[in-house]
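Novice: Before I ask anything, let me first share the structure, which is written out below as structure tokens.
Bear in mind that the values in this text are calculations on the coordinates, not laboratory data. Keep in mind it's a predicted model, so treat the numbers as computed, not measured. Positions of Cβ are backbone-derived with ideal geometry, glycine not excepted, and every protein chain shown enters the neighbour counts.
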Amino acid sequence: SISKAAEAVGTTASNLRRWIKELKQEESGVRLDAGERAELDRLRRENKQLRMEKEILKKASAFFAKEMK
């Protein structure tokens, strides 16, 4: 049982249940580990930067196209 297993490893049953729940979430992809969370944050920042750069280039090309006429 969970109670006996928790006692065997020196923790509480509620801690063991929480660890089991977290492990199942990580295995199913619902929960991200620290490395995955850091990568997701980095990719979000990079995506934001690339969107801003794209917008700047779009405005610059429209400006220069207008100036060429």
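Novice: Between a residue in the range 32-57 that is free of Cβ contacts under 8 Å to residues at least 12 places away in the same chain and any residue that is in a loop (DSSP other than H, G, I, E, B) and surrounded by 10 or more Cβ atoms within 10 Å (Cβ to Cβ), which pairs come within a Cβ distance under 7 Å, given they are 6 or more apart or on different chains?
Specialist: What qualifies is 40/32.
Novice: Could you give every pair whose Cβ atoms fall below 7 Å, whose first residue belongs to the range 1-18 and is touching a residue at least 40 places away in the same chain (Cβ under 8 Å), and whose second residue is of a type in the set (Asp, Glu) and not in a helix (DSSP H, G or I), counting only separations of at least 6 or pairs across chains?
Specialist: Final answer for the pair search is none.
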